[in-house]
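Below is one structure, written out as structure tokens; comments come after it.
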Amino acid sequence: MQLTVLGGCGAWPTAAQACSGYVLEHDGFRLLIDPGYATLPRLLEHAAADEIDAVLISHGHPDHCADLNPLLRARALSDDPPPALPVYAAHGALDAVLALDRPGMLGGAYTLHEFPPGDRFDVGPFVSATWLLPHFVPNAGLRLSTEDAVFAFTGDTGPSPDIPRLAEGADLLLSEATYVHQVPAADAPYLLTARLAGQYADQAGAARLMLTHLWPGTDRTPLRTRPPKSSADPSA
């Protein structure tokens, strides 16, 4: 299993980095996860638009799905359009982005598979288990498994006891960490800190932790400091 990071900026892209976007590969199958703002140009540095085999989206915020539109355009409007792209997302999550073009323009470019977070299904060689995790909109935490590896991704989420379950024994936990030490009170139920992401990774016994969805302009130096195990404040 191989992960390529296309971007990890929260909310909007910067000149240096795209928003959330990841390609997970196994046995020649390329799964695009959360194609947020500005990820398509990064993707095309690694693979052509018609070389993506499926798309899986955690939730419907545009910094996680906006570049699905230009990806589908690149496939639908090519001289030799590839087969319809399987796209997996929670019910209604992609209504806005799929309505950007005139009705029917991209209809043959994708096949939409909607699921309730908490469902389990296969995507190519990956066994996918999902969890409903707290966010401003329905968000599916993702656990993708093959015979020899486990990848876990929180999407965007606030504190939840389900996160260590999602990431139990994972080879890699990719966790949102919008803030380093403290989330503003109004957003505390819906976003994580780097500190809490580290605690969840420890609880899960994940082999590695990668932080993403960092607020643009975040100083990343403190993110590499291991949090003290005594800290238990879910908003800290």
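Values in this text are rule-based calculations from the coordinates and carry no lab data. Here the structure is a predicted model, which means the values were calculated and not measured. A quick note on method: Cβ atoms are made from the backbone with ideal geometry, for glycine too, and the neighbour counts reach across all protein chains shown.
Of everything in region 198-218 that is of a type in the set (S, T, N, Q) and crowded, with 20+ Cβ neighbours inside 10 Å, the residue that is farthest from Tyr179 (Cα to Cα) is Gln199. Only one entry of Ala66, Ala99 meets the criterion of being over 24 Å from Ala15 (Cβ atoms), of a type in the set (A, V, I, L, M, F, W, C) and without any contact (Cβ under 8 Å) to a residue 60 or more places away in the chain, and that entry is Ala99.
Applying the criterion of being outside any strand (DSSP E or B) and touching a Leu at 6+ places or on another chain (Cβ under 8 Å) to the residues of region 90-112, the residue that is nearest to Ala149 (Cα to Cα) is Leu94.
Of everything in region 168-210, what is under 19 Å from Ser20 (Cα atoms) and in a loop (DSSP other than H, G, I, E, B)? Give them in sequence order. Listed by number, the residues that qualify are Ala177, Thr178, Val180, Tyr190, Leu191, Leu192, Arg208.
For region 31-59, enumerate the residues that are in a loop (DSSP other than H, G, I, E, B) and under 11 Å from the mean Cα position of the chain (by Cα).
Correct list: Asp34, Pro35, Gly36, Ile57, Ser58, His59.
Here is the figure for region 26-44: residues that are surrounded by fewer than 24 Cβ atoms within 10 Å (Cβ to Cβ), more than 16 Å from Val87 (Cα to Cα) and not hydroxyl-bearing (Ser, Thr, Tyr) total 7.
Inside region 113-150, residues that are surrounded by fewer than 17 Cβ atoms within 10 Å (Cβ to Cβ), in contact with a Phe, Trp or Tyr (Cβ under 9 Å, 6 or more places away or on another chain) and part of a strand (DSSP E or B) make up a count of 4. For region 82-101, check the following and say yes or no: at least one residue is among the hydroxyl-bearing types (Ser, Thr, Tyr) and surrounded by fewer than 21 Cβ atoms within 10 Å (Cβ to Cβ). Taking every residue of region 82-101 in turn, none turns out to be among the hydroxyl-bearing types (Ser, Thr, Tyr) and surrounded by fewer than 21 Cβ atoms within 10 Å (Cβ to Cβ). The lone criterion from (1) touching a Phe, Trp or Tyr at 6+ places or on another chain (Cβ under 8 Å); (2) without any contact (Cβ under 8 Å) to a residue 60 or more places away in the chain; (3) outside any strand (DSSP E or B) left unmet by Trp12 is number (2).
Filter region 149-159 for residues that are touching a His at 6+ places or on another chain (Cβ under 9 Å) and not small (Gly, Ala, Ser); which is nearest to Cys65 (Cα to Cα)?
Asp156
Residue-wise test of (1) basic (Lys, Arg); (2) in contact with a Pro (Cβ under 8 Å, 6 or more places away or on another chain); (3) closer than 20 Å to Ala11 by Cβ.
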| site | (1), (2), (3) |
| --- | --- |
| Leu173 | no, no, no |
| Tyr190 | no, yes, yes |
| Gln199 | no, yes, no |
| Ala204 | no, yes, no |
| Leu211 | no, no, yes |
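Each residue in region 70-89 was checked for being of a type outside the set (D, E, K, R), within 10 Å of Ala109 (Cβ to Cβ) and either outside any loop (DSSP other than H, G, I, E, B) or under 22 Å from the mean Cα position of the chain (by Cα) (or both), and 7 pass.
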